[in-house]
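One structure is given here, and the rest of the page talks about it.
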Ligand code: NIG
Ligand code: FE
């Protein structure tokens, strides 16, 4: 079998090429190629353009032609830039309690919430965690998601955080999607740590960071900046040490109260995520920085709170990514396409803005420049839908599933 493949024809190819990283987008900025073909060499896109032209041009070379015999739309497969899919147990009772009127922060104060998942995740074996991640990553492939950021943060001790990061590393080898690990040891101060918030963060910075740097378990560090978590008075030691060791920074910011986005800008974070409570001041501050704003509509739907002000962020000139935040507490749904299309209806986002938010802008939120766009020399990660109109994808609010998904030049799903 040849290593070079020509795939097509696709009725529409949405390349996501030549779009800016920041600011609002009109749908007429989308590059759409009709009757398109994709030429792959191994895991890389070598050419793209009109299918018949490519076929004629490469007629005498040894290429395998993979015919698409139905009307299809192809676009870059999706990047979910913020998840917590390494966890054990369920928080269905929290969900019911919240719907009965108890707030997320009240549940946390009473010792439930994140701490409940920490208890269950600590009890789980590494193998059980691996199994959970692989199961969730496989479900995500069926929705066209090929790159998934996965946070630790339910271990909250040196050994349990290591167990989570090792589980993510092992799961990455068992799924065709690529997992990008992030250390979220500053999720909350664990209830069994005898000392202040600052002492906990110093302990993590001294005992955990050097190990994960040396073992290359992850290159990103995250913190939850919020009441009941961490704040500007104690986070310095954690982010300063993380920066010294060369980690990229990302922040859970402005979810219920402001303060996190300012910290994100101060530390030159790659992204500030959540932002449901951001006001125009925070929106403008983020827009004039290099920090990518990541909306997490799954947490809005899970908690019944405000959406991230995505429209205002884009209008202010910010870069907007959209991620699922899949976690057992605030965002149990784990369906990025459904959430992104719902965000679009409430925030009035164009198709271009939503698709950018889950492709190249989401890739940028992970500092990945090799994907999220169909272009020569980029990764051959793409998703195919059985439809003749790309607007059908968001219109069905997550119910139109891909007919096939390719990752790194391999078809990993075919329906
Ligand atoms: O992004 N807000 C903090 N962390 C997660 C929720 C984690 C949990 O509730 O288990 C989030 O929403
Ligand atoms: Fe989160």
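Taken as a whole, the condition of being assigned by TED's automatic domain parsing to the domain that holds residue 154 and away from ligand 1 (no atom under 16 Å from the Cβ) does not apply to residue 89.
Does residue 14 satisfy the condition of being more than 30 Å from residue 133 (Cβ to Cβ), in contact with a helix residue (DSSP H, G or I) (Cβ under 8 Å, 6 or more places away or on another chain) and away from ligand 1 (no atom under 16 Å from the Cβ)? Criteria not met by residue 14.
Could you check the range 233-242 and list, in sequence order, the residues that are more than 25 Å from the chain's Cα centre (by Cα) and either at pLDDT 95 or above or not assigned by TED's automatic domain parsing to the domain that holds residue 259 (or both)? Can you show your working first?
Going through the range 233-242, the residues more than 25 Å from the chain's Cα centre (by Cα) turn out to be 233-234, 236-237.
The answer is 234, 236, 237.
Considering (1) free of Cβ contacts under 8 Å to residues at least 40 places away in the same chain; (2) over 25 Å from residue 169 (Cβ atoms); (3) in a loop (DSSP other than H, G, I, E, B), the lone condition that residue 216 does not fulfil carries the number (2).
Put simply, of 50, 99, 60 the only residue that is more than 16 Å from ligand 2 (Cβ to nearest atom), modelled with pLDDT of 95 or more and not assigned by TED's automatic domain parsing to the domain that holds residue 185 is 50.
Looking only at the range 268-294, count how many residues are at negative phi, within 16 Å of ligand 2 (Cβ to nearest atom) and outside any loop (DSSP other than H, G, I, E, B). Qualifying residue count, the range 268-294: 6. If you check 258, 308, 300 for being in the same structural domain as residue 226 (by TED's automatic domain parsing), surrounded by fewer than 22 Cβ atoms within 10 Å (Cβ to Cβ) and either assigned to a loop (DSSP other than H, G, I, E, B) or more than 13 Å from the chain's Cα centre (by Cα) (or both), only one passes: 258. Is the range 149-162 home to any residue that is in contact with a strand residue (DSSP E or B) (Cβ under 6 Å, 6 or more places away or on another chain), within 30 Å of residue 340 (Cβ to Cβ) and more than 16 Å from ligand 2 (Cβ to nearest atom)? No, that holds for no residue.
Checking the stated criteria, residue 409 turns out to be touching a strand residue (DSSP E or B) at 6+ places or on another chain (Cβ under 6 Å), surrounded by fewer than 24 Cβ atoms within 10 Å (Cβ to Cβ), in the same structural domain as residue 54 (by TED's automatic domain parsing) and in contact (Cβ under 8 Å) with a residue 12 or more places away in the chain.
The values are calculated or read from the model by the stated rules, or taken from the named source; none is laboratory data. Just so it is clear, the model here is predicted, and its values are computed rather than measured. Using ideal geometry, Cβ is built from the backbone for each residue, glycine included, and neighbour counts are taken over all protein chains shown.
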